[in-house]
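Data first, discussion second: the structure below is written as structure tokens.
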């Protein structure tokens, strides 16, 4: 296993399209829910333990080789917002392009054929991690960290927030990221034996509602 591959996959400069998405931060900023580092940390904490946990578990399960079709259906069932489903599949399609160019794999090729318009991003992430020789834990870490680092980066741009403050907020969340990854991997191992219904289904209604509101804006900085 190459630890360098994990750094490549988790790098914000990996051309997977995440820079164009705020993870709900743009709506939260406009609504006045995030006005600085303290609000950003609270927002990221909520996102980590809901959408972040779900995504990390899906990615870990895909890295373990759980059936990707079942996982994609599970992702759909856990995403009630049409706007978020569309965004997830767009991100999955972009990640697929980058992953296939970086780690050519028959599994990635098969997933691309099955979902020409894009599988859900966490599923693609897990299969990409598997193609790169990474573990389920690695996939879960990539997904969990992405769930908070994306909004943090977006908030720096939206509020001209001091990037040192944003990075400090992420660092303070590190123990919680570890805990979410442990829970995600444990549930993913269970899914390998008992099916995908046992994967986390934590909901974040404000993120879902906010995504629909954001999709209706005529002017916005981020795609989601």
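The order of the peptides 63-72, 49-58 by mean Cβ neighbours within 10 Å, most packed first, is 49-58, 63-72. For the range 167-207, the residues whose amide N sits under 20 Å from a probe point set 7 Å from the Cα of residue 45 along the beta carbon direction are 167-184, 202-207.
Once the Cβ-Cβ distance of residue 212 and residue 76 is raised to the sixth power relative to R0 = 22 Å, the FRET efficiency obtained is 0.85. Taking 7 Å steps out from each Cα toward its Cβ at residue 30 and residue 110 produces label points 4.2 nm apart. Taking each DSSP H run with n ≥ 4 as -39500 (n - 2.57) and averaging over every residue of the chain yields -21500 deg cm²/dmol at 222 nm. For residue 85 and residue 38, calculate 0.36 nm times their separation in residues minus their Cα-Cα distance, and state this gained length in nm to one decimal. Going from the current span to full extension adds 14.0 nm. Nearest 10 degrees, 0 to 90: what angle lies between the long axis of helix 163-172 and the longest principal axis of the chain (Cα atoms)? In the chain, helix 163-172 runs at an angle near 60 degrees to the longest axis.
Taking the C-alpha atoms only, the angle from helix 37-47 to the longest principal axis of the chain is near 30 degrees. Taking the chain as a Gaussian network of alpha-carbon nodes connected by springs under 10 Å, the highest mean-square fluctuation of the residues 147, 160, 88 belongs to 160. Spin-label pair residue 221-residue 20: with each label point 7 Å from Cα along the Cα-Cβ axis, the two points sit 1.7 nm from one another. Quick one: angle between helix 82-102 and the longest Cα principal axis of the chain, in degrees between 0 and 90, rounded to 10, please. The helix 82-102 is inclined about 60 degrees to the chain.
Where a number appears in this text, it was derived from the coordinates with a stated rule and is not lab data. Computed from a predicted structure; not experimentally measured. In this analysis, Cβ positions are derived from the backbone assuming ideal geometry, glycine residues included, and neighbour counts consider all displayed protein chains.
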